[in-house]
Structures are given as C-alpha cells and as structure tokens.
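So the structure is just underneath, and the comments pick up after that.
The values are calculated or read from the model by the stated rules, or taken from the named source; none is laboratory data. Computed from a predicted structure; not experimentally measured. Cβ sites come from the backbone with ideal geometry, for glycine too, and all protein chains shown count toward neighbours.
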Amino acid sequence: MGGLYKDRAFRSFDPEALLGVVHESHIEHRLLGVGEVEIRVRNRIGPLLAVDAADYGCAVYAQGTVHPRALTIALAPTRRGKVFTGGRVLPTDALQVYAEGAAIDYVTTDGAAWRTVTVRREVLQAHALRRVGREVALPSSGCTQLEAGDLLADHVAAEIERGHEVAAAEGPDAIEVQACDQALLDALAEALADGRATPEPRGARTRRRIMETVESVARLGAQSAEIDAAALSRLCAASERLVEHAMRQGVGMPPKRWLTMARFNRVYAELVNPRNTRSVTDIALHWGFNHLGRFASNYRAVFGESPSDTVARVRGEPGRARVSACREPQAA
C-alpha cells in the first residue's frame with residue numbers, strides 16, 4: 001500500500017462518488033431525509049492497512065460489499081447519531097468484523113460516524129501473535145459483532161483519528177505514518193482479543209426478514225406506491241404493528257417513509273444517469289409519482305434542486321445552481 005490521503009466534503013448528494021467510502025468496496029448510498037446534505041469522507045491508505053472515516057450530517061442508507069481480499073473492521077464511535085446494521089443499533093463499544101467480500105448495509109441518522117479499517121487477514125493475525133500472544137477469532141464469511149468495551153473501542157477510534165491527522169499534515173513522515181499503523185493494529189488486536197461475541201437480540205432475524213421484504217417492494221416501481229399497510233403486512237407475513245415496529249427498530253423510520261424515500265432515490269438515479277433517454281415525467285410516473293407538481297416540490301426538498309435542474313446539471317448546461325433543501329416532503 002502507498003501513502004495516499006483524501007479528505008472530501010459533500011454538500012450535495014453524489015452516490016457515484018460515495019461508492020468507495022470504504023477502501024476497495026462498492027457501497028451504494030440513498031438519502032433518507034430532507035435538509036442540508038453534509039457528508040465528510042476521509043480515506044487513508046497506509047503501508048499496512050487502509051483507514052476510512054465517514055461523518056454523516058444527514059440520514060442515509062448504504063449497502064454493498066466490502067474488500068474482496070481483506071477484512072473490514074467497522075465501528076460507530078459517536079454517541080450523537082445512530083448507525084443501524086443488521087436490524088439493530090450498533091453500540092459505540094462494538095466492533096464489526098466483515099470477512100472478505102461480505103455484504104454490508106447500514107443506516108445512519110444525522111450526526112452518525114462510521115469508521116472502518118481494511119487489513120489483510122494474515123497481517124492482522126501476525127500482529128495479534130506479537131501483541132497478545134495468540135491469533136484472534138475472525139469470521140470466515142459474513143460478519144461477526146464483538147462487544148469490545150468503551151475503553152478499547154475508544155482506543156481504536158482515537159488511533160484512527162491520529163492516523164488521519166498525521167496523514168493530513170504537510171509532507172507526512174513515512175516513519176510516523178508506519179508508527180500510526182502499528183499503533184492502530186495494537187489497538188485492534190487488543191480489542192478483538194478481549195471482545196465478546198454479541199448474540200443477536202431477540203427479534204433481529206424477524207426484523208431483517210421484514211426489512212428485506214420492504215426493500216424488495218421498493219424495487220417494484222409504481223406498484224410500491226400503491227401498497228398500503230395491510231398489503232405490506234401480508235407480503236411480510238406479519239401484523240401491521242410488527243412491520244411498523246420492525247422498521248422503526250431496524251432502520252429508524254416507518255415502512256411508508258422508507259418506500260417513499262426509496263422511490264425518490266430511484267428517480268434521482270435515473271436522472272443522473274448520462275445514458276438516460278426518458279423524460280422527467282415518464283420517470284416520475286414509472287416510480288408512482290402521479291401528482292407531478294407535488295413530486296417536483298418534494299424532489300427539491302430532498303435533493304436541493306428541481307428534477308429539471310438535475311437533468312441540466314448532468315448535461316453540463318450552465319446556470320443551474322443547487323438550492324438548500326429544507327422542507328419535509330408532503331404525502332406522495
């Protein structure tokens with residue numbers, strides 16, 4: 001690995017640029033609310049590992065896959081915002097270890113932080129042998145969540161931050177960068193060695209099943225706008241109350257709002273596709289927005305620009321400036 005460092009601030013939604021928020025990953029993002037978009041992403045590639053930090057000043061849904069040939073270790077160090085993963089809130093003292101190429105998904109609220117370290121399995125195990133005298137338990141597939149305790153988790157987060165500060169300095173010294181990597185590996189080895197596997201909370205599997213069903217409904221185009229609570233309950237094979245509770249517990253919002261925001265993001269994805277040939281009206285109708293005036297107003301509230309402004313921006317037409325999004329969308 002080299003010594004690359006990038007620090008980017010996003011004031012408008014750019015899902016293409018956010019695909020690599022985690023090193024060598026492919027993670028798609030969707031907006032989940034209205035208001036100012038504020039996302040800061042810092043990426044550092046060091047000699048032994050890659051370290052990524054994302055700070056979300058808005059609610060997003062992110063899903064995809066992690067590095068295909070290295071482990072990804074994730075944590076959510078801030079107590080101001082929440083990160084939901086796998087149908088539950090990720091505690092600030094927990095570490096998630098993703099095996100090579102594992103699926104990843106998370107939901108953030110305003111004020112959430114997401115930190116990841118990408119490191120090859122053999123590098124981490126060799127360091128653990130030196131630091132704690134034994135190899136640490138690592139998943140061969142999927143994700144394992146460990147309760148590391150506040151002190152150890154805070155130590156990992158602090159070493160991540162220190163490494164970014166060193167890398168951001170003018171002409172960082174290679175020896176100092178390597179020392180940061182070693183200190184972070186020390187913190188990780190100690191946290192993983194002492195961490196206890198966290199059992200799934202009661203109802204987590206049911207919540208995931210319901211969330212997956214609701215997400216599959218979100219891909220149905222106009223049909224998803226016509227599905228009421230009773231129909232969604234039947235599709236989820238659960239009571240309306242359980243569906244509502246599962247979504248609020250698993251992603252922090254009710255199913256109807258999740259579906260509405262998914263449809264807005266589908267429209268946006270089509271409009272920013274340079275190969276798109278369909279009109280704004282055709283795309284809006286396809287995704288179930290039949291009241292076009294209301295759709296345009298709500299779209300602006302979510303993305304900070306009108307649908308026609310999005311199209312013009314993608315085409316490179318001058319004079320199309322974004323505006324701040326600040327209103328809640330009305331019922332679609």
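What number of residues within region 258-309 are more than 24 Å from the chain's Cα centre (by Cα) and either in the same structural domain as Glu16 (by TED's automatic domain parsing) or among the basic types (Lys, Arg) (or both)?
Step one: filter region 258-309 for residues more than 24 Å from the chain's Cα centre (by Cα), giving 274-286, 288-297, 306-309.
Narrowing further to those that are either in the same structural domain as Glu16 (by TED's automatic domain parsing) or among the basic types (Lys, Arg) (or both): 275, 278, 294.
So the count comes out to 3.
Restricting attention to region 208-251, and to residues there that are surrounded by fewer than 17 Cβ atoms within 10 Å (Cβ to Cβ) and hydroxyl-bearing (Ser, Thr, Tyr), which single residue is nearest to Val83 (Cα to Cα)?
Ser216
Take the residues in region 1-58 that are modelled with pLDDT under 95, among the aliphatic types (A, V, I, L, M) and not in a loop (DSSP other than H, G, I, E, B); name whichever of them is farthest from Ile160 (Cα to Cα).
Taking the candidates together, the pick is Leu4.
Based on this model, can you work out whether Arg207 counts as of a type outside the set (Phe, Trp, Tyr) and free of Cβ contacts under 8 Å to residues at least 24 places away in the same chain?
Details: of a type outside the set (Phe, Trp, Tyr): yes; free of Cβ contacts under 8 Å to residues at least 24 places away in the same chain: no.
Spelling it out, it is not the case that Arg207 is of a type outside the set (Phe, Trp, Tyr) and free of Cβ contacts under 8 Å to residues at least 24 places away in the same chain.
Just name the residue that is surrounded by the fewest Cβ atoms within 10 Å (Cβ to Cβ) out of those in region 252-288 that are closer than 18 Å to Ala301 by Cβ and of a type in the set (Lys, Arg).
Arg257
Asp173: charged (D, E, K, R) and modelled with pLDDT of 95 or more, yes or no?
No: the conditions fail for Asp173.
Kindly establish whether Val41 is within 30 Å of Ser306 (Cβ to Cβ) and assigned by TED's automatic domain parsing to the domain that holds Gly111. Before the answer, list the steps.
Numbers: within 30 Å of Ser306 (Cβ to Cβ): yes; assigned by TED's automatic domain parsing to the domain that holds Gly111: yes.
Yes.
Every residue, every condition in (1) assigned by TED's automatic domain parsing to the domain that holds Pro274; (2) of a type in the set (Asp, Glu); (3) in contact with a His (Cβ under 6 Å, 6 or more places away or on another chain), yes or no:
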site: Phe13; (1), (2), (3): no, no, no
site: Val34; (1), (2), (3): no, no, no
site: Ala50; (1), (2), (3): no, no, yes
site: Leu71; (1), (2), (3): no, no, no
site: Thr78; (1), (2), (3): no, no, no
site: Thr85; (1), (2), (3): no, no, no
site: Gln96; (1), (2), (3): no, no, no
site: Glu100; (1), (2), (3): no, yes, no
site: Ile104; (1), (2), (3): no, no, no
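Here is a check on your reading of the model: is Ala99 touching a Pro at 6+ places or on another chain (Cβ under 7 Å) and either of a type outside the set (Lys, Arg) or surrounded by fewer than 18 Cβ atoms within 10 Å (Cβ to Cβ) (or both)? First the steps, then the outcome.
On the way: touching a Pro at 6+ places or on another chain (Cβ under 7 Å): yes; either of a type outside the set (Lys, Arg) or surrounded by fewer than 18 Cβ atoms within 10 Å (Cβ to Cβ) (or both): yes.
So Ala99 passes the test.
Could we say that Gly81 is at pLDDT below 95, under 22 Å from Ile210 (Cα atoms) and among the small types (Gly, Ala, Ser) here?
no
Return a yes/no flag: does region 152-166 have any residue that is buried (at least 16 other Cβ atoms within 10 Å of the Cβ) and part of a loop (DSSP other than H, G, I, E, B).
Within region 152-166, none of the residues are buried (at least 16 other Cβ atoms within 10 Å of the Cβ) and part of a loop (DSSP other than H, G, I, E, B).
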